[in-house]
Amino acid sequence: MNDIVLAFFLAVIQGITEFLPISSSAHLLLPSLLLGTKDLGLEFDIAVHAGTLCAVIYFFWGDLKQYAVSVLNVSEKDNPNKKVAINLIIATIPIVLIGGFFNDLISQRLITKEIIACSNIIFASLLLGSFYFSKSTTKKHQNIFQLTMLMSFLIGGIQIFALIPGASRSGVVIMAGLFLGLNLRDASKFSFLLAIPTILGALVFLIGDSIASNLSLFRFELVLGFVISGLVAFFTIKYFLKFVEIVGLIPFFIYRMLLGVLLILL
């Protein structure tokens, strides 16, 4: 498989899996296991992460503008948009404080096919548990404007587990939101919004590494990866928010269990 075809293929995988609760790391491992494809390198990681970041910013641009205006307007103390913006900042704090150390530890010792497979199965089970817990509770589900600072910090703390390959960042955040009483749509939305500072932080580290390594970021396959991952991610976000309210999380659980078993068998 040449680099252009591989770049297109991997960009589609990244665009779909970055925001779905199905683990992007597990899927990006499959091409090398099944087809023996090579790693396109750090530059490609930067390109596809930048593409997915642009997609989620573009999709939520209207919300983000309201959040920014509310934060800058100090006279409005009870603006619900300001509350969401502050909660997103609070939820980002845990991964900023210890995420770098945790990520280095994991990348050095735990990136194996078996760990990714087992992590995928374990966190898929927890996600399903949170879904049934949310359905069974008699309390009224909360929306994104009802999140408290403590709840946001807890979600951010749980998000750290997403650094374990196979856990799925979006899946972990949705799981935390459901356990804390959010409805499924708003737990998903908070997960997508929280992806913005998280992916941005990852990009900063990746770009820093690329500068240190004198890597080139202007090749056709990188531009292709950026564009395709962004387009696919945009439509993934758009349709997931509609789809998940209709079918719930059971299909994602079944899929992840099958994927975990496949990775173990390969």
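The values are calculated or read from the model by the stated rules, or taken from the named source; none is laboratory data. Remember, predicted model here, so these are calculated numbers, not experimental data. Neighbour counts run over all protein chains shown; Cβ positions are idealised from the backbone, glycine included.
Numbers below:
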quantity: Segment 173-209, residues that are among the aromatic types (F, W, Y) and in contact with a Ser or Thr (Cβ under 9 Å, 6 or more places away or on another chain); calculated: F179, F190, F192
quantity: Test: residue in segment 45-59 that is among the aromatic types (F, W, Y), surrounded by fewer than 17 Cβ atoms within 10 Å (Cβ to Cβ) and within 29 Å of L180 (Cα to Cα); calculated: yes
quantity: Test: residue in segment 170-178 that is surrounded by fewer than 24 Cβ atoms within 10 Å (Cβ to Cβ), on the phi < 0 side of the Ramachandran plot and part of a helix (DSSP H, G or I); calculated: no
quantity: Test for G156: is it small (G, A, S) and either within 13 Å of the chain's Cα centre (by Cα) or modelled with pLDDT under 90 (or both); calculated: yes
quantity: Any pair with Cβ under 7 angstrom, 6 or more apart, that starts in segment 111-127 at a residue that is of a type in the set (D, E) and ends at one that is surrounded by fewer than 20 Cβ atoms within 10 Å (Cβ to Cβ) and part of a helix (DSSP H, G or I); calculated: E114/I264
quantity: Sole residue being hydroxyl-bearing (S, T, Y), farther than 24 Å from T236 by Cα and free of Cβ contacts under 8 Å to residues at least 60 places away in the same chain, chosen from S188, S136; calculated: S136
quantity: Residue in segment 141-149 that is modelled with pLDDT under 90, surrounded by fewer than 23 Cβ atoms within 10 Å (Cβ to Cβ) and over 26 Å from P80 (Cα atoms) present; calculated: no
quantity: Residue satisfying all of: in segment 64-107; of a type in the set (D, E, K, R) and either surrounded by fewer than 16 Cβ atoms within 10 Å (Cβ to Cβ) or not in a helix (DSSP H, G or I) (or both); modelled with the lowest pLDDT among these; calculated: D104
quantity: Unique residue being over 13 Å from the mean Cα position of the chain (by Cα), among the basic types (K, R) and either over 30 Å from D78 (Cα atoms) or buried (at least 20 other Cβ atoms within 10 Å of the Cβ) (or both) when the list is R185, R256; calculated: R256
quantity: Check on A202, out of contact with any strand residue (DSSP E or B) (no Cβ under 8 Å at 6 or more places or on another chain) and modelled with pLDDT under 95; calculated: yes
quantity: Selection status of L193, on the phi < 0 side of the Ramachandran plot, in a helix (DSSP H, G or I) and modelled with pLDDT of 90 or more; calculated: yes
quantity: Qualifying residue in segment 237-251 (condition: hydrophobic (A, V, I, L, M, F, W, C), without any contact (Cβ under 8 Å) to a residue 60 or more places away in the chain and not in a helix (DSSP H, G or I)); calculated: no
quantity: Within segment 26-77, considering residues that are of a type in the set (G, A, S) and without any contact (Cβ under 8 Å) to a residue 40 or more places away in the chain, the one farthest from F190 (Cα to Cα); calculated: G36
quantity: Check on S134, polar (S, T, N, Q) and either touching a His at 6+ places or on another chain (Cβ under 7 Å) or more than 29 Å from C54 (Cβ to Cβ) (or both); calculated: yes
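Listed here are the residues, each with its yes/no results for (1) at pLDDT 90 or above; (2) out of contact with any Gly (no Cβ under 6 Å at 6 or more places or on another chain); (3) closer than 22 Å to G208 by Cα.
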residue	(1), (2), (3)
I4	no, yes, no
I16	yes, yes, no
L30	no, yes, no
G41	no, yes, yes
C54	yes, no, yes
F59	yes, yes, no
G62	yes, yes, no
